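Engineer: Submitted below is the structure of interest, expressed as structure tokens.
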Amino acid sequence: MKYFTTDSKTAYEAKAEAQRIAFAPVMFQACRVLRDSGILELVQRSGAKGMTPSEVVAKATLSRYAVKVLMEAALGIGVFCLNDERFTVTKLGYFLLRDPMTRTNMDVVHHVFYRGMFDLDKSLEQGRPAGLKSLGDWKTLYEGLSQFQPEVLESWLAWDHYYSDAAFPAALPLVLADHPKRLLDIGGNTGKWAIQCVKFDPSVRVTIADLPQQIELARPAIQQSGVADRIDFFAIDILDESQRLPEGCDVIWMSQFLDCFSEKEIVSILRRAARAMTPESTLCILELLWDRQPNETAAFCLQQTSLYFTCLANGNSQMYHASDLMRCLRESGLKVIEDRDQVGLYHTLLKCRKA
């Protein structure tokens, strides 16, 4: 990893960045409202000509005052330029409006993270997701996922799927290269991987192992997929060490799953996976590892996502450094036989067998 090794900012640049961090919640909400109110769209469509605030007011649903304060705030943020009293959209404004990753991240931060992050200090001190109460009364976020308000669930799923959707097509031929007959999908989420598997290889049968309420969330999409006859369900609380996993599968699959658990819990899960494996079985782990990212921005996004786990999801997991996961695998009696980065650009695929 070649990032985060030097301090390249001048003192002035560092102090300026500190002010942006101080006002970051204000900046975030201003940009979100500019986007969602249609103001950013209006100005972007005006091109190089730009628009005056009065012209925006004539076409927007907000008052003159609201338009004025938002557009002036956007100048300092860097969303607009101002020349001859006309506002034009900058490159930053363009990406806030048009970039799918930015939109996905902003939506999940607003609907899922934002209010709960007020209790980050309590979460860190107490080792529990103290901010989760902003969404509901559950021990972990996963227990309440199926009960989220529609817009909250929509934002969470879009965020979760945005990254996995790009990786799954690249991972499928790698995971199914040896044409396994039985694949166990631990933490199957909404069933997307299971559906894609059985469509990709007509000989494979997939079992989704997940919480009962998560299985119910996945069931409708699977029933409508046209391949439900080759997808089974196995209800399990993976944190209950007394519950055993189905044995004898050719492949065990974990996608963006282990980052939902502490290192101690990961070792417990991996040991039980190893017990369910035969000597010929392969454990395939698809994960986002912050030190394996192709650029500093991707690493930054994952590092900040760790605090979502701290404050909202469970209070004890994170987006891991590769060395953390490798240590857990060794402690679990597993060895890595294949290690491939940038699967779908951001993910790492680890193929493991019993040591």
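The values are calculated or read from the model by the stated rules, or taken from the named source; none is laboratory data. As the structure is a prediction and not an experimental result, all values here were calculated from the model. Backbone-built Cβ (ideal geometry, glycine too); neighbour counts: all protein chains shown. Protein only, heavy atoms only, side chains kept; ligands, DNA and RNA dropped before computing areas. Shrake-Rupley method; radii C 1.70, N 1.55, O 1.52, S 1.80 Å.
Engineer: Could you work out what % of the accessible surface of the stretch 84-150 is carbon and sulfur, using a 1.4 angstrom probe and leaving DNA, RNA and ligands out of the count?
Structural biologist: In the stretch 84-150, the share of accessible area belonging to carbon and sulfur is 54 percent.
Engineer: Which order, highest average first, do 287-300, 91-104 follow once you tally other Cβ atoms within 10 Å for each residue and take the mean per peptide?
Structural biologist: The peptides rank, most packed first, as 287-300, 91-104.
Engineer: What's the percent breakdown of Cα-Cα distances in the stretch 219-301 across 10 Å bins, shortest bin first?
Structural biologist: Histogramming the stretch 219-301 at 10 Å steps yields 15, 36, 31, 18, 0 percent.
Engineer: Using a cut-off of 21 Å between alpha-carbon atoms, which lysines can reach residue 335, once sequence neighbours fewer than 8 places away in the same chain are excluded?
Structural biologist: 264, 351, 354
Engineer: Which whole-number percent gives the relative contact order of the stretch 235-355, counting Cα pairs below 8 Å spaced six or more residues apart?
Structural biologist: 30
Engineer: Pop out the Kirkwood hydrodynamic radius of the stretch 1-81 from its pairwise C-alpha distances, inverse of mean 1/r, in Å to one decimal.
Structural biologist: Computed over the stretch 1-81, the radius equals 14.4 Å.
Engineer: With every protein chain left in place and a probe of 1.4 Å, what is the accessible surface of residue 142, to the nearest 10 Å²?
Structural biologist: Its accessible surface works out to 40 Å², give or take rounding.
Engineer: Return P(r) of the stretch 101-182 (all Cα-Cα pairs; 10 Å bins starting at 0; whole %; ordered from short to long distances).
Structural biologist: Calculated P(r), rounded to whole percents: 17, 35, 26, 17, 6.
Engineer: Over 5 Å intervals from 0, what percent of Cα-Cα pairs in the stretch 76-146 sits in each interval?
Structural biologist: Using 5 Å bins, I get a P(r) of 3, 15, 15, 16, 12, 10, 11, 8, 5, 4, 1, 0 for the stretch 76-146.
Engineer: State the Cα centre-to-centre distance between the stretch 308-322 and the stretch 239-269 in whole Å.
Structural biologist: 16
Engineer: Given 31, 43, 163, which one lies farthest toward the positive end of the charge dipole of the chain, if we put +1 on the Cβ of every Lys and Arg and -1 on the Cβ of every Asp and Glu?
Structural biologist: Selected residue: 43.
Engineer: Next up: Residue separation times 0.36 nm, minus the C-alpha to C-alpha distance between residue 122 and residue 22: what's the value?
Structural biologist: Working: separation 100, 0.36 × 100 = 36.00 nm, distance 2.00 nm.
Here the segment from residue 122 to residue 22 would lengthen by 34.0 nm.
Engineer: Please list, by residue number, everything in the stretch 110-130 whose backbone N is under 14 Å from a paramagnetic label point 7 Å out along Cα→Cβ of residue 29.
Structural biologist: Of the residues in the stretch 110-130, 110-111, 114-118 have backbone N under 14 Å from the label point off residue 29.
Engineer: Which residue, 211, 177, 146, has the largest displacement toward the positive end of the dipole of the stretch 137-265 when charges sit on each Cβ (Lys, Arg +1; Asp, Glu -1)?
Structural biologist: Checking the options against the dipole of the stretch 137-265, the answer is 177.
Engineer: Give the lysines reachable from residue 59 as a straight Cα distance under 17 Å; neighbours fewer than 8 places away on the same chain don't count.
Structural biologist: 49, 68
Engineer: Can you give the charge dipole size of the chain about its Cα centre, rounded to the nearest 20 debye, using +1 on the beta carbon of Lys and Arg and -1 on the beta carbon of Asp and Glu?
Structural biologist: With only Lys, Arg, Asp and Glu charged at Cβ, the dipole is about 400 debye.
Engineer: With the other protein chains left in place, how much accessible area per residue, in square angstrom, belongs to the chain at a 1.4 angstrom probe?
Structural biologist: 49
Engineer: Further, regarding this structure: When each pair of different Cα atoms in the stretch 71-208 is counted once in the 1/r mean, what is the Kirkwood radius in angstroms, to one decimal?
Structural biologist: For the stretch 71-208, inverting the mean 1/r across all distinct Cα pairs yields 18.5 Å.
Engineer: Nearest 10 degrees is fine. How inclined is helix 263-276 to the longest principal axis of the chain, computing both from alpha carbons?
Structural biologist: 40
Engineer: Thinking of the stretch 247-347 as a set of Cα atoms, what percent of all their pairs are more than 19 Å apart?
Structural biologist: Of all Cα-Cα pairs in the stretch 247-347, 43 percent lie more than 19 Å apart.
Engineer: A follow-up question, please. Give me the base-10 log of I(q)/I(0) for the chain at each q in 0.13, 0.15 Å⁻¹, Debye formula, one uniform scatterer per Cα, rounded to two decimals.
Structural biologist: Taken in order of the listed q values, log10 I(q)/I(0) reads -1.08, -1.31.
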